[in-house]
């Protein structure tokens with residue numbers, strides 16, 4: 001992670017911790033006021049630094065202890081209401097962070113799959129380019145989009161000669177074997 005992004009991430013985490021600490025100081029004792037710190041820990045994972053997550057975990061534990069030491073006393077009804085609210089908050093924040101993490105992982109997985117595909121395509125294009133066999137590539141309409149050098153050497157036709165044309169326009173002539181021409185035509189139609 002670049003230094004600027006790392007610093008922005010740390011400032012965001014410090015801001016989240018400060019908000020959680022403020023909430024903790026204003027919630028009476030007996031409530032699970034340390035629960036919002038879950039957000040800080042989950043957000044620290046985005047930085048991809050286990051060290052940062054450990055440091056923020058320790059900081060949040062310390063802030064929770066300080067909050068316990070200075071929080072006001074509260075009544076039973078308040079405790080029940082706040083503990084349930086904090087449980088809902090914990091469930092929602094964990095779910096939210098997991099969804100974000102899953103989307104990030106899916107994007108990364110898609111990017112890796114695309115990279116593998118491009119590498120495979122690159123290898124295939126090298127095989128086609130340097131093959132000693134003549135290779136013609138056409139679009140779905142059967143018009144030539146590419147030929148390798150071996151094809152040009154074997155046939156005497158360059159890519160410029162065939163580009164945008166059907167191969168048979170130049171390759172078939174009076175001396176062509178009609179059975180072979182029909183066999184090739186059928187194979188192309190059946191995508192074989």
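Coordinate-derived values only; no laboratory data. What you see is a predicted model; the values in this text were computed from it and never measured. With ideal geometry, Cβ positions are generated from the backbone for all residues, glycine too; neighbour counts draw on all protein chains shown.
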Of 37, 89, 157, which has the largest mean-square fluctuation in a 10 Å C-alpha GNM of the chain?
157
How many nm is it between the label spots at residue 108 and residue 180, if each spot is 7 Å from the Cα in line with the beta carbon?
5.5 nm
Helix 50-70 sits off the longest principal axis of the Cα atoms of the chain, rounded to the nearest 10 on a 0 to 90 degree scale, by 20 degrees
Label assignment, P(r) over Cα pairs in 10 Å bins from 0, in percent derived from the structure, set [x] 8, 29, 33, 24, 6, 0; [y] 8, 27, 24, 20, 16, 5, 0; [z] 8, 21, 17, 9, 8, 10, 11, 10, 5, 1, 0:
[z]
Tilt, helix 3-26 to longest principal axis of the chain (alpha-carbon atoms), in degrees rounded to tens, equals 30 degrees
Residue 101-residue 138 pseudo-label distance in nm [points 7 Å out on the Cα-to-Cβ vector]
5.3 nm
Which distance in nm do the two modelled labels at residue 93 and residue 19 give, with both placed 7 Å along the Cα-to-Cβ direction?
0.9 nm
Note the angle between two axes, namely the Cα long axis of helix 178-189 and the longest principal axis of the Cα atoms of the chain, as a number of degrees from 0 to 90, rounded to the nearest 10.
10 degrees
Between residue 12 and residue 49, what length comes free when the chain is fully extended (0.36 nm per residue of separation minus the Cα-Cα distance, one decimal in nm)?
11.8 nm
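Could you calculate the FRET efficiency of residue 155 with residue 115 from 1/(1 + (r/R0)^6), where r is the beta carbon distance between them and R0 is 45 Å, rounded to 0.05?
Working: r = 35 Å, r/R0 = 0.79.
The computed FRET efficiency comes out at 0.80.
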